Amino acid sequence: MDHNEKLARGQSLSKYFVLYYVLACQEGERMNWFGFGFNGFGQIIAADVKCKVSTPVLLSDARGSDCRVSGSWSSRAAVIHTDSGSRVCVSGFLRGSSGQVCVPESEGCTDASISERHVTVSFTRRVECWEIQQAQNRLVWSREQESSGQDVALPLVPGGYVVPRPPFFRPLCAKLCAVSLALGTEHAVLLTASGTVFTWGSGSHGQLGHGHLTSQEEAQVVEALWGVQIAAVSAGGWHSASVSAGGDLYMWGWNESGQLGLPSQSVEEEKLRARRPVNQAEEKNKDDVFISIQAFPALVDIPQVSEIIRVACGSRHTAAVTGTGDLYTWGWGSYGQLGHDTERSTDEPALVKYFHSHDMRVRDVVCGLWNTYVSAVPEEPSSHKHTHTE
Amino acid sequence: MFFSLYTISLLNQKSIDLLNFLPPLAQMWTEVRTILPSTMDDFIIEFSEKIEPSVLKVLELARDQLYSRPDCPSSAETAQIIIDYSWENLNTGTWRDVDKEWRRMYSYGCLFKVLSLCNGDPSQAKVKEAIKTCDMGLLMGAAIMDNILQRLVCILKNTMKLKSTKVEKSEEPCSKKMKWECVSEPVINPARAVPRIQCPSLERFRSDFLDPQKPTIIEGIINHWPAFTEHPWSIDYLRSVAGCRTVPIEVGSKYTDEEWSQKLITVNEFIDGYILGTEEKGVGYLAQHQLFDQIPELKEDIRIPDYCCLGEGEEDDITINAWFGPGGTVSPLHQDPQQNFLAQVVGRKYIRLYSPEVTENLYPHDSQLLHNTSQVEVENPDLVKFPEFPKASYEECVLQPGDVLFIPVQHWHYVRSLELSFSVSFWWS
């Protein structure tokens, strides 16, 4: 269909007219961010009416394709682009109470990342770390840098990466050719230009993927993925994820709430409690095998999904975007961070119906410790759907 | 009618003395109230800079809610946020490195959860959950407010006693058969028997056993324990004193196994499932747990052996562990970094001892985690993998109720229970 045909069809379907036009020309401006999960400090909905949001809610200030979102436990930062420039806006716990405020020191920034006490902001030629919990924002660290040809996202910066505590700058060997870095609670997962994955940090829960529980100070190749070209990596509290160029999802680390999509004993016990068996001493099926720690990468199979394109990890949950624009979540769900309108955890990847039923195509996902932030655009109604309005 | 008056009166008021507005049913709440600081200003919260201001805010909110709206429905939720966040921090780093501040925070979370459960006239199920929550705070947290969780659990236990009018299914005495293990009864070779001695003097013990670091079984020094006299330890007694308390249980035949794991269950559940219960649950062992810190009532039944004063350390530094399980529990051959008195109270144990001098024949694990543990299965050694093992000389014994085994520091020891057994170990320096 060419542009004119689309317009003609759009005109005959008044409900979709605007959508068609906008989709054809300016998809980016229709991109919105949604959030769900822990809202105890108003990081999702400004008025902290409830501390758990279990279905996606529109983030009123975060829209546009340039908008980047990052989350900590108690707050959320969005890099907002307007005609007058870009800046970071923070929602959540700030200076002793819940609120929503822009960080004036971030004018002109290209990227930002938020943690409990700091916001790290990168600009074209420098990166800064600001402490934002005191009465006045305080610059605790900064570094001038060569503007790199490659556009790398925080925490990567030219020459290394940044963490919100001393020493703020950690150098990385140039030979690694890092293109992406994910920092978990106590480990790191790095992706190189050639599609190889390195990990380092604490190995106590198998999160390094080397097949044992020993911690490593130096970056080490995840050998089990050797030969598979990886396109994206993510790190959560104690688990790790990587997406291959072919759309396969591999995960390793702690599975205590089913965050690896493997059978979890606690999830099973939660199910049993919910069913309230008459016989309190009901024995579990002895053949049930539960996995607490997975020290080698394991393939995550989601039925009816052929391709994963993005993955993000919270402290104990995981979210993944498929090639067809669907969002699946699994793991710990007590704060609604799975977006299934429930507080139950699950060890089986489940579709977040909200986006599908609101005709939205998910583009990206980012996690705070106990929440999930999703960017989505209105979906072009497919030929499978009925085109008459409701 | 009483509850609605109670609620309305408390809205928008701080620092109120709750005793004036209590409905007659909330007896337990009265008791609980007396151990809390009387006003909000007296409830002091102090944490180091390491604790993020965000979670501190939640803690302050919980405290404020307690004094202004104790029956607020969201108080349980607020408490759970503190518990969940501090739990994640407890799991960061190795247990030894965990900042004590996070353990204190976890205890505060448990405290507020318990208080939200206790409000009004809670059901027996809620009281049970409150006891379990106190135990989680005692096991994984650190003492706060003059060990308030310990005092709370006493009040809750007394309430449980009053509330349970009918005997629960799990308390039916002796209707379940004890697990009869086909345990092999070892025959002690007299040439290798650990020597026995009756009530030695302090000097005698020091010169003959402590200084030369020789294992010995001391007889006649614990028979006066209340655990043998006033409150003879039995399954029924343990149920009555500690039945509803949550304890850590090791599941799996030994800690070197891949299948080995730990779980937190009540003493009643442990007795029902692993001592009296069916075979299918596998071996369960309440092992190496400082039960007597958790349940002071049981501490009254034992005494620290006098010989511990021969050491250099303080009495407060002596670690007292409980070892309670069915027949067939195995502690693989290992060594400990302190002197040990192993007191046998119930049942018998087969114990084998190897001197540190023969360590090279015992094939300790390479890993840092298990370097104090031998790879050899003492009663079923793989002589192809461990050919030097038979060269190692050893002593052995069957420890009987009333015996105390002296295990010198770094002395290798292997322990297998022959029947239902309860031992108490004293680690001292």
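The values are calculated or read from the model by the stated rules, or taken from the named source; none is laboratory data. Everything numeric here is computed off the predicted structure, so don't read it as measured data. Positions of Cβ are generated from backbone atoms using ideal geometry, with glycine treated the same way; all protein chains shown enter the neighbour counts.
Odds and ends about this structure:
- Taken together, the criteria exclude B:L138 from residues that are in contact (Cβ under 8 Å) with a residue 40 or more places away in the chain, within 14 Å of another protein chain (Cβ to nearest Cβ), in contact with a helix residue (DSSP H, G or I) (Cβ under 8 Å, 6 or more places away or on another chain) and within 30 Å of A:E186 (Cβ to Cβ).
- No other residue among B:I320, B:I304 is part of a loop (DSSP other than H, G, I, E, B), more than 14 Å from chain A (Cβ to nearest Cβ) and either over 24 Å from B:G220 (Cα atoms) or not hydroxyl-bearing (S, T, Y) (or both) apart from B:I304.
- Restricted to the range A:107-141, and to residues there that are more than 25 Å from the chain's Cα centre (by Cα) and part of a loop (DSSP other than H, G, I, E, B), the residue that is nearest to the other protein chains (Cβ to nearest Cβ) is A:Q134.
- Among residues of the range A:40-68, those that are buried (at least 23 other Cβ atoms within 10 Å of the Cβ) and either touching a helix residue (DSSP H, G or I) at 6+ places or on another chain (Cβ under 9 Å) or more than 13 Å from A:W370 (Cα to Cα) (or both), counted: 6
- Failed condition for B:D366, given (1) farther than 20 Å from B:V194 by Cα; (2) at pLDDT 95 or above: (2)
- Test: B:L66 is within 26 Å of A:L94 (Cβ to Cβ), at pLDDT below 95, more than 8 Å from chain A (Cβ to nearest Cβ) and more than 29 Å from the chain's Cα centre (by Cα): yes
- Which numbered condition B:R96 fails, given (1) touching a residue at least 24 places away in the same chain (Cβ under 8 Å); (2) more than 10 Å from chain A (Cβ to nearest Cβ): (1)
- Residue, surrounded by the most Cβ atoms within 10 Å (Cβ to Cβ), within the range A:72-124, restricted to residues that are at pLDDT 90 or above and basic (K, R): A:R76
- Filter pass, B:T133 being of a type in the set (V, I, T) and out of contact with any helix residue (DSSP H, G or I) (no Cβ under 8 Å at 6 or more places or on another chain): no
- Hits in the range B:407-429 (condition: over 19 Å from B:V346 (Cβ atoms), part of a loop (DSSP other than H, G, I, E, B) and out of contact with any helix residue (DSSP H, G or I) (no Cβ under 6 Å at 6 or more places or on another chain)): B:P408, B:V409, B:H411, B:S429
- In the range A:182-214, the residues that are at negative phi, without any contact (Cβ under 8 Å) to a residue 40 or more places away in the chain and part of a strand (DSSP E or B): A:T192, A:F198, A:W200
- Against the numbered list (1) assigned to a loop (DSSP other than H, G, I, E, B); (2) in contact with a strand residue (DSSP E or B) (Cβ under 8 Å, 6 or more places away or on another chain); (3) over 26 Å from A:A319 (Cβ atoms), A:E217 comes up short only at (1).
- Residue match in the range B:102-121 (condition: over 18 Å from B:R33 (Cβ atoms), surrounded by fewer than 17 Cβ atoms within 10 Å (Cβ to Cβ), touching a helix residue (DSSP H, G or I) at 6+ places or on another chain (Cβ under 7 Å) and within 14 Å of another protein chain (Cβ to nearest Cβ)): no
- Which numbered condition B:G328 fails, given (1) part of a loop (DSSP other than H, G, I, E, B); (2) within 16 Å of B:Y285 (Cβ to Cβ); (3) among the small types (G, A, S); (4) at pLDDT 95 or above: (4)
- Residue, surrounded by the fewest Cβ atoms within 10 Å (Cβ to Cβ), within the range A:170-189, restricted to residues that are more than 14 Å from chain B (Cβ to nearest Cβ) and either within 27 Å of B:V98 (Cβ to Cβ) or β-branched (V, I, T) (or both): A:R170
- Selected residue (only one of B:L353, B:L342, B:L298, B:L369 is in a loop (DSSP other than H, G, I, E, B) and not polar (S, T, N, Q)): B:L369
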